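Q: Mind having a look at this structure? Questions to follow.
Derivation of every value follows stated rules applied to the coordinates shown; laboratory data play no part. Nothing here was measured: the structure is a model prediction, and the numbers come from that model. Glycine also receives a Cβ, built like all others from the backbone with ideal geometry; neighbour counts cover every protein chain displayed.
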Amino acid sequence: MHDARIFRLSALGKRLSAQGIEPYHLLGDSAYPLLPYLIVPFRDNGHLTADEKTFNVLHSSSRTVIERAFARLKGKFRRLKYLDMNDMALVTLVITAACVLHNFTLTQEASIDEDVTDDADDDNFTRDPASGEQQQDVPSSSAIERRRELMMLLL
């Protein structure tokens, strides 16, 4: 399944859709729909303003930090790359446990000598939306306005 569909069908996606997370938001890549609680970059149709381009660069750099954190976690616990579980509650517990253990080791180690490679290619972090699931969600005016407000705060 496409990431956007998995998110939409997840308990978190359903909860956010019903309740939102004001004043917070999640960052998503261009494969996700723009929603009031899910901020995605402006689509580059060749007519982006300088502010929109700057926002996209800042948005991308924020997501890169997150992607590196996931790569580091999967570098520490290689099994996470190949979880084959049917019980979603168990998957959630395994991932949470890995995060807790990872954070614990980070606080206990003076320095980490491991080189963690960015395995973004394996995870397909950058996707061509045309190759994924068709996005059915049309951004609401509140989502568009929220992204604009964030852009103005960053500039």
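Q: How much net charge surrounds M151 when only the other residues with a Cβ under 11 Å from the Cβ of M151 are counted, with Lys and Arg +1 and Asp and Glu -1?
A: Overall, the nearby charge balance is 0.
Q: On to the next question. Say R0 is 25 Å: what FRET efficiency, to the nearest 0.05, do K81 and I6 get from their beta-carbon distance?
A: Step by step, r from the Cβ atoms, then E = 0.90.
Q: Is the stretch 1-85 best put as rounded, prolate or oblate by its Cα gyration tensor, with a ≥ b ≥ c the root eigenvalues, rounded for a/c under 1.5, and otherwise prolate when a/b is larger than b/c, oblate when not?
A: oblate
Q: Ranked highest first by average number of other Cβ atoms within 10 Å, how do 67-75, 7-15 line up?
A: 67-75, 7-15
Q: Once the other residues with Cβ under 14 Å from the Cβ of V57 are scored (Lys, Arg +1; Asp, Glu -1), what is the net sum?
A: That works out to -2.
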